[in-house]
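What follows draws every value from the coordinates through simple rules; no lab data is involved. Keep in mind that what you see is a predicted model, and the values were worked out from it rather than measured. Here the Cβ positions follow ideal geometry from the backbone for every residue, glycine too, while neighbour counts run over all protein chains shown.
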Amino acid sequence: MTKEAAPQVSVDLARPYEPIPEERAVLAAHFDRKKQRPRTPRVQLVARGERMEVSTDHPMPSLGVSLIMEALGTGDCIVFDGLLAQLIIIGIEGKKPGENGLAYPRSASARVYRNY
């Protein structure tokens, strides 16, 4: 004869985590800031024969450039061109140029600017 094991009853001793009011305030501010921030178009590399051209993923390319310039915190076209060139170098160094390689450097630099 074998004895059947009695069913084990699980007792949850720890309560689920509840954020404190300060943490809730930080989360609320974070989501409010995200709502106020305009979406920045992506930067695209487009092959034109032997060379690559930079464009924005926006129906109005000039407006797309303006949105990216605002996200990067500059109104100066020369500064923007230089900064964008450096971001592209960072994004494609050691690999084939592609849109995904450009997403992080542009996004990260725009977020750094917005936080200061």
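Near R42, the amide H atoms lying under 5 Å from its own belong to D57; only residues 5 or more places off or on other chains count, and H is placed 1.01 Å from N.
When peptides 58-66, 80-88 are ranked by their average number of other Cβ atoms within 10 Å per residue, the highest-first order is 80-88, 58-66.
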